[in-house]
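Undergrad: My questions will all concern the structure given below.
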Amino acid sequence: MPLEKLKISSLRNISDANFGFSKGINVIAGPNASGKTSLLEAISLLCRGRSFRTSRVDQLIQHNHEQLLVVGEIRDDGRLHVLGYARENKKSIVKLDGSLLSRSTDLIALQALHVITPESHEILEQGPKMRRQYLDWGVFHVKPGYLACWQRYHRVLRQRNHVLRQGGGREAVQAWDKPLLDEATALHSHRLAYLESLTPALSQYGQLLLEMEVEFRYRPGWNQASESFAQQLRRDFAQDQERGFTQSGPHRADIHVTINGHSVRQILSRGQQKLLVCTMYLAQVASAPRPGILLIDDLPAELDPIRREKLISAAADTGAQLFVTATESNLLPVDQWKEKKVFHVEHGQFHEVV
Ligand SMILES: Nc1ncnc2c1ncn2[C@@H]1O[C@H](COP(=O)(O)OP(=O)(O)O)[C@@H](O)[C@H]1O
Ligand SMILES: [Mg+2]
């Protein structure tokens, strides 16, 4: 579902801008602080209802303005849809073809958006939360019903934790174990199946970009080697009671990323980290039922010319609509691609170059 047109009003340093995009590669080039990341943020607002740079959308409203507006035209099987996002008085309004979309997940389900920024290496370095999000959104775009399962699991988990916090006895706490185990089993099997489906693409892009074997080792959130979640839940009971929350379960899941069988922590250069993160996202894009949109902010950063070229062709080959930024367009070799547009930006003003 490519984004064909976009109109931005009063977003950061972009007062007014209109774009007609390529369904292939869109290059956005311009000096520092010209508005490149701001354009990508506008696309993120439109597709996710949020920015990838900050959780405070009001920061995106142009100084001395009351409202920001982003309107896009998205094509789906030949039909053109108009999607609009407005932020005013601390409220967001999202409309699809003139009708209000009240749930952000309805918006996210429309279009899979993947974002790679110079900060994305945090997914390798930080705690498991970002890796769980990578996994969960990936499953969601393949199986939209997964969201309801995820929500049910977390609802039961909150109830069990509530009883634990209130100092409830064994019977009151364990009344929640069966529903928790049922939802956990479903969640776990969706995640497993999804990770399995990612394996070939992960290996393919790992070889292509890093010339190494990239693998995921799934940690389901309990000690799988020695016991089932049901056993661990029973064994953890006294500690859960003492701490006032459920220590094990799919809410503690993680993905352990390995390269040639080794843990990736501390052995990779910045450039390799970036290529590994790109491997993870390209695998996700290529395994999705629909290719979606991929944003790569400051693609050339940390990469030599050969790796840049490899990354662009691998990304273009996924079939996703690409938006890539750079300080200069000659850092992005896109000559051989037919479906492309190049935009130059300065002080929030964009001009199409090709
Ligand atoms: N709310 C805002 N109103 C006006 N300008 C802003 C706002 N937020 C950020 N800016 C400015 O927008 C400019 C563009 O930023 P950015 O998109 O990050 O540039 P680039 O990615 O091209 O380096 C910066 O100069 C920044 O100071
Ligand atoms: Mg930027």
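The values are calculated or read from the model by the stated rules, or taken from the named source; none is laboratory data. Everything quoted here is computed from the prediction, not taken from an experiment. When we count neighbours, we look across all protein chains shown, and the Cβ atoms used for this are built from the backbone with ideal geometry, even at glycine. Surface areas here come from the heavy atoms of the whole protein model, side chains and all, with no ligands, DNA or RNA. Shrake-Rupley method; radii C 1.70, N 1.55, O 1.52, S 1.80 Å.
Undergrad: When segment 284-299 is examined, which residues are found to be more than 16 Å from ligand 2 (Cβ to nearest atom) and assigned to a loop (DSSP other than H, G, I, E, B)?
TA: Correct list: Ala288, Pro289, Arg290, Pro291, Gly292.
Undergrad: Please verify whether segment 57-72 includes one or more residues that are open to solvent by 70 Å² or more (accessible area, probe 1.4 Å), within 16 Å of ligand 2 (Cβ to nearest atom) and closer than 26 Å to Ala326 by Cα.
TA: Yes, some residue in segment 57-72 is open to solvent by 70 Å² or more (accessible area, probe 1.4 Å), within 16 Å of ligand 2 (Cβ to nearest atom) and closer than 26 Å to Ala326 by Cα.
Undergrad: Among the residues of segment 169-215, how many are open to solvent by 70 Å² or more (accessible area, probe 1.4 Å), more than 26 Å from Leu276 (Cβ to Cβ) and of a type in the set (Ser, Thr, Tyr)?
TA: Residues that pass the stated criteria total 1.
Undergrad: Select from segment 40-62 the residues that are over 17 Å from the mean Cα position of the chain (by Cα) and closer than 17 Å to Leu113 by Cβ and write down the one among them that is farthest from ligand 1 (Cβ to nearest atom).
TA: Of everything passing the filter in segment 40-62, Val57 is farthest from ligand 1 (Cβ to nearest atom).
Undergrad: Any residue at all in segment 13-20 that's assigned by TED's automatic domain parsing to the domain that holds Leu332, modelled with pLDDT of 95 or more and away from ligand 1 (no atom under 16 Å from the Cβ)?
TA: Yes; the residues of segment 13-20 include at least one that is assigned by TED's automatic domain parsing to the domain that holds Leu332, modelled with pLDDT of 95 or more and away from ligand 1 (no atom under 16 Å from the Cβ).
Undergrad: Can you confirm whether segment 240-256 contains a residue that is open to solvent by 10 Å² or more (accessible area, probe 1.4 Å), within 29 Å of Leu299 (Cβ to Cβ) and either of a type outside the set (Lys, Arg) or at pLDDT below 95 (or both)?
TA: yes
Undergrad: Now for a different question. At least 2 residues that are among the small types (Gly, Ala, Ser) in each: list the strands (runs of 3 or more DSSP E) lying fully within segment 67-138 that qualify.
TA: Values: elements: 67-76, 79-88, 91-96, 113-116.
Output list reads 79-88.
Undergrad: What is the one condition in (1) part of a helix (DSSP H, G or I); (2) within 16 Å of ligand 2 (Cβ to nearest atom); (3) touching a strand residue (DSSP E or B) at 6+ places or on another chain (Cβ under 7 Å) that Cys47 does not satisfy?
TA: Only one criterion is unmet by Cys47, namely (2).
Undergrad: Here is a further query. Look through Ser34, Ser38 and report the one residue that is modelled with pLDDT of 95 or more, within 14 Å of ligand 2 (Cβ to nearest atom) and under 24 Å from Ala320 (Cβ atoms).
TA: Ser38
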